[in-house]
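Visitor: This is the structure I want to talk about, given as structure tokens.
The values are calculated or read from the model by the stated rules, or taken from the named source; none is laboratory data. Not measured: the values here are computed from a predicted model. Please note: Cβ atoms are built from the backbone with ideal geometry, for glycine as well, and neighbour counts cover all protein chains shown.
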Amino acid sequence: MTVLILGLLIFLGVHLVPTSQPARQALVARLGEGQYKIAFAVASLLGFVLIVWGFGMARVSPANVQLWTPPVWTKHIAFLLMWFAFVLLVAAYVPSHIRDKAKHPMLAAVKIWALAHLIANGDLVGIVLFVSFLAWAVYDRISVKKRGALGPLGAKHGGVAQDVIVVVVGTLAYLAMLFWGHPWLIGVRLVG
């Protein structure tokens, strides 16, 4: 669990920097905008790799106790919620009405992803991972609102055609993760 926690501290710690404008501005002044972005990306990637690696190790560790056993129906709710999460994830990068309504679809996707996994899993390691991301996403959403941050697309807006693209691409990504990605990346088969 140590590697997972280290990964969470690095990944979420790096992602907390933009929530403090003085901290971000001080780092940009010290490193320069380009170097700051490179350092942010490298630290994020390192944290992400440690999270994935640490989660894989901790999941099969004897220390990973089952705190509760979710009823079967929670998995069905998680499947539905994950479709919304994938659509919102795509909406973060495509100007659309969906993006406009969600305001910050990436953070909404992370919150839904974490919540879906919390209701469908009851092991200690899963709870540590998903509660950490849920707490960060809630905090960051509050921060984004205070800062008036617009996200990666700025103030760009889209129409119905972009909404269709968001739903289709989000659905395809969801199906790919459901049938192939989750077993390959996480080692847990969801269907079939």
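Visitor: Looking for something under 26 Å from I127 (Cα atoms) and either touching a Cys at 6+ places or on another chain (Cβ under 9 Å) or not aliphatic (A, V, I, L, M) (or both) - is there at least one such residue anywhere in region 17-24?
Guide: For region 17-24, residues under 26 Å from I127 (Cα atoms) and either touching a Cys at 6+ places or on another chain (Cβ under 9 Å) or not aliphatic (A, V, I, L, M) (or both): present.
Visitor: Considering only residues that are part of a loop (DSSP other than H, G, I, E, B) and farther than 22 Å from L107 by Cβ, which ones fall in region 153-185?
Guide: The answer is G159, and nothing else.
Visitor: Kindly list, by first and then second residue, each pair from a residue in region 122-147 that is farther than 21 Å from L4 by Cα and in contact (Cβ under 8 Å) with a residue 24 or more places away in the chain to a residue that is of a type in the set (K, R) and surrounded by 17 or more Cβ atoms within 10 Å (Cβ to Cβ), limited to pairs with Cβ atoms under 9 Å and residues at least 6 apart or on different chains.
Guide: Pairs found: R141/K111.
Visitor: Which one of these does P22 not meet: (1) at pLDDT below 95; (2) in contact with a strand residue (DSSP E or B) (Cβ under 9 Å, 6 or more places away or on another chain)?
Guide: Status for P22: all satisfied but (2).
Visitor: Between P18, P70, which is in the same structural domain as W113 (by TED's automatic domain parsing), of a type outside the set (K, R), farther than 21 Å from F179 by Cβ and in contact (Cβ under 8 Å) with a residue 40 or more places away in the chain?
Guide: The unique qualifying residue is P70.
Visitor: Moving on. Filtering region 39-64 down to residues that are in a loop (DSSP other than H, G, I, E, B) and either among the acidic types (D, E) or out of contact with any helix residue (DSSP H, G or I) (no Cβ under 8 Å at 6 or more places or on another chain) (or both), which residue is surrounded by the fewest Cβ atoms within 10 Å (Cβ to Cβ)?
Guide: P62
Visitor: Would you pick out the residues in region 1-38 that are surrounded by 14 or more Cβ atoms within 10 Å (Cβ to Cβ) and outside any helix (DSSP H, G or I)?
Guide: Scanning region 1-38 gives a single hit, M1.
Visitor: State yes or no: is V72 at pLDDT 95 or above and surrounded by fewer than 17 Cβ atoms within 10 Å (Cβ to Cβ)?
Guide: The answer is no for V72.
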